[in-house]
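The values are calculated or read from the model by the stated rules, or taken from the named source; none is laboratory data. Source: prediction; values computed, not measured. Here the Cβ is made from the backbone with ideal geometry for all residues, glycine too, and neighbour counts use every protein chain on show. Accessible surface areas use protein heavy atoms only, side chains included; no ligands, DNA or RNA. Shrake-Rupley method; radii C 1.70, N 1.55, O 1.52, S 1.80 Å.
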Amino acid sequence: MLLRPFGNIASLQAYIAAPPMPTPILIVEDEPAIAETLVYALSTDGYAPVWRTTGREALAAMGNMDFALAILDVGLPDINGFDLFRQMQRISDMPVIFLTARSGEVDRIVGLEIGADDYISKPFSPREVCARVRTVLRRLGKAESSAARNASTANQPFVVDDEKKSIAYHGMPLDLSKIEYRLLKTLLERPGRVYSREELMQKAWDHPESSLDRTVDAHIKQLRSKLKAVRADDDAIQTHRGIGYSLKTPA
Ligand code: CA
């Protein structure tokens with residue numbers, strides 16, 4: 001088993017960061033000039049834009065992280081924006097704002113069956129886009145919960161709240177005992193590092209000397225089942241036979 005220390009302090013801090021992260025917005029637009037304008041405007045406004053140029057890439061991105069909202073160009077190289085929208089709806093209920101270049105498209109969005117949350121006609125001002133994004137998020141009440149939603153983004157399934165002594169996993173607050181909280185927090189300090197039962201006991205128990213070694217296993221088992229209840233397919237805690245436990249490193 002290879003022990004992989006964290007590459008640098010910044011990535012470690014990002015991993016266990018408690019402060020809320022910016023709301024991720026998916027931009028699907030094949031024209032770089034337009035996309036770059038959007039990326040810049042949204043970043044400046046405190047969002048975390050992710051830009052993809054095709055429908056296929058957009059769907060792949062959605063498989064990797066949760067977005068609070070998507071901005072979707074109707075005219076994409078590989079798929080019609082409306083068809084992409086329908087595919088996206090099958091995997092996410094996030095709101096969508098369409099970017100349209102032709103008035104005929106507007107008619108379709110406004111008048112027909114498309115369940116878009118808003119649309120913006122090209123050319124547009126970046127400020128207008130940010131304002132629309134804010135409005136849609138506020139309307140849907142997603143802005144408030146975005147911090148929790150962000151916990152499930154990409155490589156950071158855990159968010160530690162030191163003050164409340166709580167840890168969220170994939171956006172879900174975990175109901176942990178004191179020992180479980182300390183165990184998980186210890187593992188989170190250095191993902192990939194293997195902690196022996198002895199080390200974990202020293203960190204998590206008030207009186208480790210009066211505890212039996214196997215109780216670590218029992219608490220880890222309990223902790224695991226709580227994590228599995230949130231995300232059954234994600235084995236966050238790894239067992240190292242005869243050694244101890246580690247937290248899975250971010251992909
Ligand atoms: Ca286009």
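Table for the structure above
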| quantity | calculated |
| --- | --- |
| Residue in the range 38-61 that is open to solvent by 50 Å² or more (accessible area, probe 1.4 Å), touching a Gly at 6+ places or on another chain (Cβ under 8 Å) and outside any strand (DSSP E or B) present | no |
| Yes/no for Asp217 being charged (D, E, K, R), modelled with pLDDT of 85 or more and under 28 Å from the mean Cα position of the chain (by Cα) | no |
| When residues of the range 17-37 are limited to those that are open to solvent by 60 Å² or more (accessible area, probe 1.4 Å) and more than 17 Å from Leu137 (Cα to Cα), the one nearest to the ligand (Cβ to nearest atom) | Glu31 |
| Hits in the range 106-122 (condition: at pLDDT below 85 and of a type in the set (Gly, Ala, Ser)) | Gly111, Gly115, Ala116 |
| Hits in the range 56-85 (condition: within 11 Å of the ligand (Cβ to nearest atom) and small (Gly, Ala, Ser)) | Gly75, Gly81 |
| Single unsatisfied condition, Glu199 versus (1) modelled with pLDDT under 90; (2) buried (at least 16 other Cβ atoms within 10 Å of the Cβ); (3) part of a loop (DSSP other than H, G, I, E, B) | (3) |
| Residue selected from the range 223-244 under the condition under 16 Å from Thr186 (Cα atoms) and assigned to a helix (DSSP H, G or I), by the criterion most open to solvent (accessible area, probe 1.4 Å) | Arg224 |
| Top-ranked residue in the range 123-143 [being modelled with pLDDT of 90 or more and within 20 Å of the chain's Cα centre (by Cα); ranked as nearest to Val96 (Cα to Cα)] | Val133 |
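Every residue, every condition in (1) out of contact with any Cys (no Cβ under 8 Å at 6 or more places or on another chain); (2) assigned to a helix (DSSP H, G or I); (3) modelled with pLDDT under 90, yes or no:
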{"site": "Leu3", "(1), (2), (3)": "yes, no, yes"}
{"site": "Ala14", "(1), (2), (3)": "yes, yes, yes"}
{"site": "Pro22", "(1), (2), (3)": "yes, no, yes"}
{"site": "Ile25", "(1), (2), (3)": "yes, no, no"}
